[in-house]
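The values are calculated or read from the model by the stated rules, or taken from the named source; none is laboratory data. Note that the coordinates shown come from a computational prediction; the quantities given were computed from them, not determined experimentally. No Cβ is skipped: glycine too gets one built from the backbone with ideal geometry, and neighbour counts run over all protein chains shown. Side chains are part of the model used for accessible areas, which takes the heavy atoms of the whole protein and leaves out ligands, DNA and RNA. Shrake-Rupley method; radii C 1.70, N 1.55, O 1.52, S 1.80 Å.
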Amino acid sequence: MLSLIIFFPALAAFLGCFIEERSIKIYGICVAFIEFLLTLVLLYIFDENVSTMQFISQIWLIKAYGVSYLVGVDGISLFLVILSSFMTLIVLFALNIKENLKHLIICVLFLEMTMMGVFLALDLILFYVFWELSLLPMLYIIGAWGSGKRIYAAVKFFIYTFSGSVFLLVGIIVLGYLNFRNSGIWSFALIDLQSFVLPFNFQIWLFFAFFIAFAIKVPCFPFHTWLPYAHGQAPTIGSVLLASVLLKMGTYGFVRFSLPLFPDASIWAVDWVLILAIVMVIYAAMVALVQDDMKQVIAYSSISHMGIIMLGIFAINIIGISGSIFLMISHGIVSGMLFLLVGVIYERRHTKQISEFGGLANVMPKYAFVFAIAMFGSVGLPLTIGFVGEFLSLLGIFKVSLIYALLGGIGIIVGAIYMLNLFRNVFLGKCLNEKNLALKDLSVSEILVFIPLCILIIYLGINPNSILKPIDLSVKQTLQIMQDRAVMRENLEFIQNANGGKK
């Protein structure tokens, strides 16, 4: 089942080479819809009462060195898989690009394959392969269909993320070697690497190797400078997929790999990671407050919200981590919707400057209403999807430190200010710019794109338990692994000390 979900988009992308240009968009939508149905089938047959991995499948690739095709899914990855398929379907349905459309559709379908692989891979080498492959289609999307300094933005995106991936690869190889030295068997399977004890000093160095790669992808401060360029120059479809899914690969990596593999180092690093997260939250929110470009406001908003997710993850408790995973999903939906909305107005006016607008609610009332729902989800209004994730993440960090919780709350308050300020300047008051008076409101096809997003923002805000239960169970399993490995290390050190330091 998981292999079908991973490779169906890639197979469809290959077959898409033989589809005529005039039919390629319908073909892409059909493929994305089938993929979305497959993920819904996975949700239906998934046992939400089981905390461990389900639907595990393994095929040896290089058995002598322990490299295998190993995939599985649990509550942590399940809804990120569904989010990936859902947002891919949405962006293809909303796609309005005409130039080289066939190439773009094939790129998006290949990118969908890599996203599925990242969230389902349980072998670290396999994870790394999908992680790296995801760079290529996004590089092409930004560079070929972007605007302005698109080549610069694409190259900067690639260099930043590829450089971090080098550290990740070195860390994976060292981790596999240490496992070989401990057990005599090469393996890069997550379950095997979780079963042996790493000395604390090794954990520190390996944690940093993984941290650099994941932090660049998030992106954490001070590795964030590639993101505003990428968002600013990317086409709407690139910005949506980047904000909705690709950024979540970094935070997912922390939960899936860094915490269970390096539990002692993760706890040791909590304070300085939380400081970086607070800087992300407040700094990005303040920068967003003074932007004069709608897309840049949302881009810096993404950095700020990803900081809240980092706070939840490194609270290292059930409430915080579960809240951060929920916030990954909510931010994926809300930020993707906001970028789509900016794309709608850009297609009509070919500008994203806030000063060019004003009073749009009088001209485009449907557009203003949909934007308001997305805005409320972004600022975390109660009974919307954004509130649940932010509340749980801050509650989790509150159990660790009141100061960090208060500082995170300040960032959320500033977030509400810049989003309300954006809405006021764009939609309220009188429409004084004559160029805006003849703007068309949302079409039927555009309304069909935004209806499911609006429904999810409200439904998951009212009924978050529909996805929180399996998330909670898998987070408990991860925390239990961390605790067991910490106890094992303490016992091993005690025995070594009792034997005079001998192994």
Expressed in nanometres to one decimal, the distance between label points 7 Å along Cα→Cβ at Leu439 and Leu395 is 3.8
Note to self: Kirkwood Rh of the stretch 263-309, Cα pairs, one decimal, Å, is 11.3
Per the 1/(1 + (r/R0)^6) rule, R0 = 22 Å and r from the Cβ atoms of Ile185 and Leu136, FRET efficiency to 0.05 is 0.10
Whole-Å distance linking the alpha carbon centroid of the stretch 304-358 with that of the stretch 115-142 is 22
Computed ³J(HN,Hα) along the stretch 473-482: with the Karplus parameters 6.51/-1.76/1.60, θ = phi - 60°, integer Hz and x for glycine or proline, the list is 4, 6, 5, 4, 4, 5, 5, 5, 4, 4
Taking every other residue with Cβ under 14 Å from the Cβ of Leu437 and scoring Lys and Arg +1, Asp and Glu -1, one gets +2
Here, Ile62 and Ile151, labelled 7 Å along Cα→Cβ, have an inter-label distance in nm of 3.6
1/(1 + (r/R0)^6) with r = Cβ-Cβ of Lys366 and Gln480, R0 = 45 Å, i.e. FRET efficiency to nearest 0.05, evaluates to 0.40
Ordering 414-423, 458-467, 379-388, 84-93 by per-residue average of other C-beta atoms within 10 angstrom, highest first, gives 84-93, 379-388, 414-423, 458-467
Note: the stretch 169-245 at 4 °C, 1.567 mPa s; Kirkwood Rh on alpha carbon pairs; Stokes-Einstein D in µm²/s works out to 88
Computed on Cα atoms, Rg of the stretch 330-432 relative to 2.2 N^0.38 Å comes out at 1.23
Sorted largest first, the Cα spans of the stretch 172-301 on the principal axes come out in Å as 58, 31, 16
Cβ-Cβ cut-off under 13 Å around Leu311, Lys and Arg +1, Asp and Glu -1: the net charge is -1
Rounded to 0.05, the calculated FRET efficiency for the beta carbons of Leu383 and Arg22 at R₀ = 41 Å is 0.40
Rounded to the nearest Å, the spacing of the alpha-carbon centers of the stretch 208-283 and the stretch 164-198 is 22
Share of accessible surface on carbon and sulfur in the chain, whole %, 1.4 Å probe and ligands ignored, is 69
Using the Kirkwood radius over Cα pairs of the stretch 247-286, the Stokes-Einstein translational diffusion coefficient at 25 °C and 0.890 mPa s, in µm²/s and rounded to a whole number, is 220
Computed over the Cα atoms of the chain, the Rg and Dmax in Å are 22.5, 84
Under the 7 Å Cα-to-Cβ spin-label approximation, Ile97 and Val174 lie apart by a distance in nanometres of 3.8
Note: Val50 to Lys469 extended length (0.36 nm per residue) minus current alpha-carbon separation gives 149.8 nm
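Report the equivalent ellipsoid semi-axes for the stretch 72-177 in whole Å, largest first, defined as the square roots of five times the eigenvalues of the gyration tensor built from alpha carbon atoms.
27, 20, 9
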